[in-house]
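First comes the structure, then the notes that go with it.
The values are calculated or read from the model by the stated rules, or taken from the named source; none is laboratory data. Everything numeric in this text was worked out from a predicted model, so none of it was measured. Using ideal geometry, Cβ is built from the backbone for each residue, glycine included, and neighbour counts are taken over all protein chains shown.
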């Protein structure tokens, strides 16, 4: 591991998928990393093997006390948080008419309000230090939509708006808030959508690519050029979104 001068990154939803592989790549690059998750099966062994560089905190981002306790513990031990990655997210894949309000509230509690809880704990520390970066992990569905993901897409659209607004509020400070866009990745959640493997990125590859962008401060951080171009095309040519997701739609008539 290279020496990153004690730079510390907090990652939520870090036990598996993109969050886990991002954390692993950051560890390999010499960062100190704190993983927050309700499941620590993959993170506890890392923390035991690399006690000086890895912390695991059992944290439900929907619980105020969990979030406050976890962030206090990171600061007590390492004294700083340089980067926060708000990655924790859930989604429920089903038609709108089959959903309840409680289903969507759950998605907002984790995906949106969970990120807000972390921001309320971490931003004051960053502003007091005069520097810091927050990456709010978003999704292309928050920009262009997706059949069966009305709740999840809504949470990601809200994350996009939250991030743009915070950037305006923090203008002139060396504290940056971005939206981070991974490609469609072969995670446990994405598997529910049934996309062909050829369209899905490997989680370890996605994690490594995002780790290389961890100190980026632009408004939109993408894993690679292909992801950036794909998002731009999808927004400008809505027909491609309809064409790409038509198998999720009921036949007309």
| field | Total residues in the stretch 8-48, condition part of a helix (DSSP H, G or I) and touching a helix residue (DSSP H, G or I) at 6+ places or on another chain (Cβ under 6 Å) | value | 6
| query | Which of the residues that make up the stretch 22-44 are over 23 Å from residue 121 (Cβ atoms) and touching a strand residue (DSSP E or B) at 6+ places or on another chain (Cβ under 9 Å)? | reply | 24, 42
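Table: residues versus (1) surrounded by fewer than 23 Cβ atoms within 10 Å (Cβ to Cβ); (2) over 14 Å from the mean Cα position of the chain (by Cα); (3) within 23 Å of residue 217 (Cβ to Cβ); (4) touching a residue at least 24 places away in the same chain (Cβ under 8 Å).
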residue: 28; (1), (2), (3), (4): yes, yes, yes, yes
residue: 33; (1), (2), (3), (4): no, yes, yes, yes
residue: 38; (1), (2), (3), (4): yes, yes, no, no
residue: 43; (1), (2), (3), (4): no, yes, no, yes
residue: 48; (1), (2), (3), (4): yes, yes, no, no
residue: 83; (1), (2), (3), (4): yes, no, yes, yes
| note | Exactly one of 60, 66 is free of Cβ contacts under 8 Å to residues at least 24 places away in the same chain, in contact with a helix residue (DSSP H, G or I) (Cβ under 9 Å, 6 or more places away or on another chain), closer than 20 Å to residue 155 by Cβ and not in a helix (DSSP H, G or I), and that residue is 60
| query | So which of 72, 52 ends up being surrounded by fewer than 16 Cβ atoms within 10 Å (Cβ to Cβ), free of Cβ contacts under 8 Å to residues at least 60 places away in the same chain, in contact with a helix residue (DSSP H, G or I) (Cβ under 9 Å, 6 or more places away or on another chain) and under 28 Å from residue 4 (Cα atoms)? | reply | 72
| query | If you go through the stretch 231-242 one residue at a time, do you hit one that is modelled with pLDDT of 85 or more, more than 15 Å from the chain's Cα centre (by Cα) and surrounded by fewer than 14 Cβ atoms within 10 Å (Cβ to Cβ)? | reply | yes
| Restricting the stretch 119-159 to residues that are closer than 30 Å to residue 97 by Cα and touching a strand residue (DSSP E or B) at 6+ places or on another chain (Cβ under 6 Å), which is surrounded by the fewest Cβ atoms within 10 Å (Cβ to Cβ)? | 159
| task | Could you grab me the full set of residues in the stretch 190-220 that are surrounded by fewer than 16 Cβ atoms within 10 Å (Cβ to Cβ), modelled with pLDDT under 95 and either touching a strand residue (DSSP E or B) at 6+ places or on another chain (Cβ under 8 Å) or within 16 Å of residue 88 (Cα to Cα) (or both)? | result | 202
| Looking at 137, 179, 110, which one is within 23 Å of residue 67 (Cα to Cα) and touching a residue at least 60 places away in the same chain (Cβ under 8 Å)? | 137
| query | Looking at this structure, is residue 5 outside any helix (DSSP H, G or I), free of Cβ contacts under 8 Å to residues at least 60 places away in the same chain, over 16 Å from residue 208 (Cα atoms) and touching a strand residue (DSSP E or B) at 6+ places or on another chain (Cβ under 7 Å)? | reply | no
| query | Of 157, 132, which residue is without any contact (Cβ under 8 Å) to a residue 60 or more places away in the chain, in contact with a helix residue (DSSP H, G or I) (Cβ under 9 Å, 6 or more places away or on another chain) and at positive phi? | reply | 132
